[in-house]
1. Long-range amide H contacts for L33: which residues qualify at under 5 Å (H placed 1.01 Å from N, peptide plane, sequence gap of 5 or more or a different chain)?
2. Run the quick spin-label model on E99 and D114: label points 7 Å from Cα toward the beta carbon, then report their separation in nm to one decimal.
3. Have a look at Q92, Q126, L66 and report the one farthest towards the positive end of the charge dipole of the stretch 61-126, computed about the Cα centre with Cβ charges (Lys/Arg +1, Asp/Glu -1).
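Computed from the coordinates by the stated procedures, all read-outs in this text should not be read as laboratory data. As the structure is a prediction and not an experimental result, all values here were calculated from the model. Cβ sites come from the backbone with ideal geometry, for glycine too, and all protein chains shown count toward neighbours.
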Amino acid sequence: AGPPVREHGPQSDQILDLDVIALYCEPAPGGTLSNFGRTLIATFIREAESQLATLRDAMRCENEQLVRMTAHSLKGMSLTLGAQRLGELCRQLESDVDEHRRELVAPARIRAIDEAFVMVRKALSQL
């Protein structure tokens, strides 16, 4: 079984922490997401997609500083919205760069981040 898609409370393997989502995305009458919640999620998805593209480009160019800065930014965005696993993977990548562990700053790490984002996007679309 994979990591939980919809749980409450922080766990680093969790795709989405609904307690965090609830802080920003109070349901509108009828139980649907408010306009603010929908806008916040759409902005997160758009910005995360852009950050992921930058991360891939930085990896191709072997620009460690840009990899670190982009991973840091994506980590913050992810954790702010409750995307725990995505944030943790970005934290690991940032740490690998900081500690000059080139063998860990690999395409496999970027693929894991991409896969985590796909799961977050799917979980958010189900809200």
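1. A28
2. 2.5 nm
3. Highest projection toward the positive end goes to Q126.
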